[in-house]
Amino acid sequence: MSGTYLGMPAFPEAARAAVRDETLRGNLRHATHTIRAKRAKAVAEVPDWAALREAGKRIKDHTLRHLDRYLVQVEESVTAAGGIVHWAADADEANRIVTRLVEETGESEVVKVKSMATQEIGLNEALEAAGIRAYETDLAELIVQLGRDRPSHILVPAIHRNRGEIRDIFRSEMGEWGRPAPDGLTDTPAELAEAARLHLREKFLRAKVGISGANFVVAETGTLVVVESEGNGRMCLTLPETLISVVGIEKVVPTWRDLEVFLQTLPRSSTAERMNPYTSMWTGTTDGDGPRTFHLVLLDNGRTDTLADEVGRQALRCIRCSACLNVCPVYERAGGHAYGSVYPGPIGAILSPQLRGTGSAVDASLPYASSLCGACYEVCPVAIDIPEVLVHLRERVVQGGPATRHGNRVVLKPAKGHAAERAAMRAAQWAFTHPGALRAGQRLASRTRRFLPRTLPGPGRAWTGSRDLPAVPAEPFRDWWQRTRGGRDGAK
């Protein structure tokens with residue numbers, strides 16, 4: 001990735017500041033609980049949801065196992081349909097490609113569909129440095145852009161803002177970007193939406209270049225798919241003369257028929273709708289219909305490194321529905337900005353450290369931004385076992401070990417600040433491989449349990465600062481089993 005947000009502290013420090021913001025917590029609590037309840041109702045309508053979930057998982061896993069073949073097929077299909085395919089190994093290369101393509105049109109403005117990939121690579125900033133202004137057209141992204149803010153949610157980037165804050169942003173900032181907000185603008189949703197509609201309409205009609213991402217790319221036909229709820233995507237995808245789509249290589253699905261699964265699970269998991277109001281699909285270019293020139297930029301940026309990890313690669317199944325964020329107790333209290341990435345919440349905690357590596361303090365802390373409650377896995381429509389990957393990445397942070405970075409196998413050094421944890425894990429490993437010592441230790445702990453503290457000293461204070469140590473039983477389980485069961489049922 002292009003890097004963490006400048007000056008971003010590690011997750012614990014950022015979260016500590018966020019949880020003190022009562023307005024932020026109120027906004028997040030209201031929004032996530034509302035979306036969560038609606039999603040549960042929408043999913044309950046589908047009798048074969050578990051089968052759809054399993055089908056989505058299998059399609060994604062199959063595609064990732066044969067990604068090399070399907071990517072070649074994508075290039076062939078898009079090219080045959082009149083599109084032009086570009087390959088970008090990292091954020092810098094992707095930004096150079098897109099900037100050059102815009103400059104070749106002679107335009108200095110572009111309109112954008114909401115795109116996680118372009119946020120990931122910092123495309124807006126790269127275009128601005130080249131004198132090109134990018135206008136976000138998704139309502140929430142518009143709020144973030146006008147407020148000089150950062151996204152805090154995958155689906156609702158401005159989830160941390162309430163209506164009053166949005167009204168104030170529109171009043172003070174819209175005029176600098178185009179059509180100003182109407183006089184007397186209030187915080188009613190209808191008025192805010194109308195102000196955004198009027199502001200964006202002139203940009204849609206004027207823009208000659210559109211930039212998008214894609215939810216899916218169909219390998220057999222070269223078709224790209226964007227699902228959205230506002231209609232801004234349809235405008236950006238059809239009105240400009242040139243369309244540039246920046247898409248992560250993991251967004252590929254093999255066949256048109258595979259969309260049947262995801263077009264059922266994605267809307268219900270994200271917006272709690274049976275179907276997205278706008279599902280736009282385009283295949284190359286067509287004379288007299290839509291953009292005359294289409295460019296597809298296939299983005300790696302750490303994805304093949306992630307693919308090389310047998311445990312962590314399941315994060316590439318993600319279809320960006322945000323269901324995991326809406327059920328996560330950590331995200332609800334800390335908010336998205338604390339993750340220091342365009343990908344917040346549970347999926348960000350496993351995706352960002354793999355795309356960017358664990359070399360920075362932010363990325364080394366993200367695998368710990370979880371209670372491991374498992375709610376994220378339960379709601380994931382493609383069955384990503386996020387807790388499993390979190391534990392896997394925690395081991396990488398603490399112990400180091402082999403990994404793939406920039407296509408090369410390397411041996412990572414343990415992250416700083418985890419010496420006590422490593423020592424504790426090594427001691428536990430030794431104890432569990434020496435049954436006699438483990439039994440003696442259990443008995444000693446039981447007999448001295450009255451003298452054991454309820455909190456840990458030193459480095460352990462961070463763990464017991466918000467919880468008590470579990471009470472030590474009066475008798476170890478092994479002794480209880482031997483006393484009550486004796487030699488029965490094979491007990492020893």
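The values are calculated or read from the model by the stated rules, or taken from the named source; none is laboratory data. Since this is a predicted model, take the numbers as computed values, not measurements. Glycine also receives a Cβ, built like all others from the backbone with ideal geometry; neighbour counts cover every protein chain displayed. Side chains are part of the model used for accessible areas, which takes the heavy atoms of the whole protein and leaves out ligands, DNA and RNA. Shrake-Rupley method; radii C 1.70, N 1.55, O 1.52, S 1.80 Å.
Quick look at the numbers
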read-out: Matching helices (runs of 4 or more DSSP H) fully within segment 1-85 where at least 3 residues are farther than 30 Å from Arg333 by Cα and touching a helix residue (DSSP H, G or I) at 6+ places or on another chain (Cβ under 6 Å); value: 49-65
read-out: Failed criterion for Ser352 (all others in (1) hydroxyl-bearing (Ser, Thr, Tyr); (2) under 14 Å from Val389 (Cα atoms); (3) not in a helix (DSSP H, G or I) hold); value: (3)
read-out: Among the candidates Arg467, Arg454, Arg405, Arg483, residue that is surrounded by 11 or more Cβ atoms within 10 Å (Cβ to Cβ) and of a type in the set (Lys, Arg); value: Arg405
read-out: The lone exception for Gln119 - which of (1) assigned to a helix (DSSP H, G or I); (2) in contact (Cβ under 8 Å) with a residue 40 or more places away in the chain; (3) in contact with a Gly (Cβ under 8 Å, 6 or more places away or on another chain); (4) open to solvent by 20 Å² or more (accessible area, probe 1.4 Å) it fails; value: (3)
read-out: Filter result for the condition that a residue is hydroxyl-bearing (Ser, Thr, Tyr), surrounded by 20 or more Cβ atoms within 10 Å (Cβ to Cβ) and in contact with a His (Cβ under 7 Å, 6 or more places away or on another chain), over Ser352, Ser322; value: Ser322
read-out: Residue in segment 263-277 that is nearest to the chain's Cα centre (by Cα), counting only those that are open to solvent by 20 Å² or more (accessible area, probe 1.4 Å) and either of a type in the set (D, E, K, R) or at pLDDT 95 or above (or both); value: Arg268
read-out: Residue list for segment 363-416, restricted to those being free of Cβ contacts under 8 Å to residues at least 24 places away in the same chain and of a type in the set (Gly, Ala, Ser); value: Gly374, Gly400, Gly401
read-out: The one condition in (1) touching a strand residue (DSSP E or B) at 6+ places or on another chain (Cβ under 6 Å); (2) surrounded by fewer than 16 Cβ atoms within 10 Å (Cβ to Cβ); (3) under 26 Å from Ile35 (Cβ atoms) that Glu260 fails to fulfil; value: (1)
read-out: Filter result for Ala445 (within 44 Å of the chain's Cα centre (by Cα), under 30 Å from Val362 (Cα atoms), surrounded by 10 or more Cβ atoms within 10 Å (Cβ to Cβ) and not basic (Lys, Arg)); value: no
read-out: Subset of segment 292-317 (residues that are outside any loop (DSSP other than H, G, I, E, B) and open to solvent by 40 Å² or more (accessible area, probe 1.4 Å)); value: Thr293, Thr304, Arg313
read-out: Residues located in segment 408-428, provided they are part of a loop (DSSP other than H, G, I, E, B), open to solvent by 50 Å² or more (accessible area, probe 1.4 Å) and touching a helix residue (DSSP H, G or I) at 6+ places or on another chain (Cβ under 9 Å); value: Pro414, Lys416, Gly417
read-out: Pairs with Cβ under 8 Å, 6+ apart, first in segment 236-250 and within 16 Å of Leu351 (Cα to Cα) and in a strand (DSSP E or B), second open to solvent by less than 10 Å² (accessible area, probe 1.4 Å) and of a type in the set (Lys, Arg); value: Gly248/Arg303
read-out: Within segment 159-216, tally of residues that are at negative phi and part of a loop (DSSP other than H, G, I, E, B); value: 18
read-out: Among residues of segment 76-96, those that are of a type outside the set (Gly, Ala, Ser), open to solvent by less than 60 Å² (accessible area, probe 1.4 Å) and closer than 20 Å to Leu316 by Cα, counted; value: 0
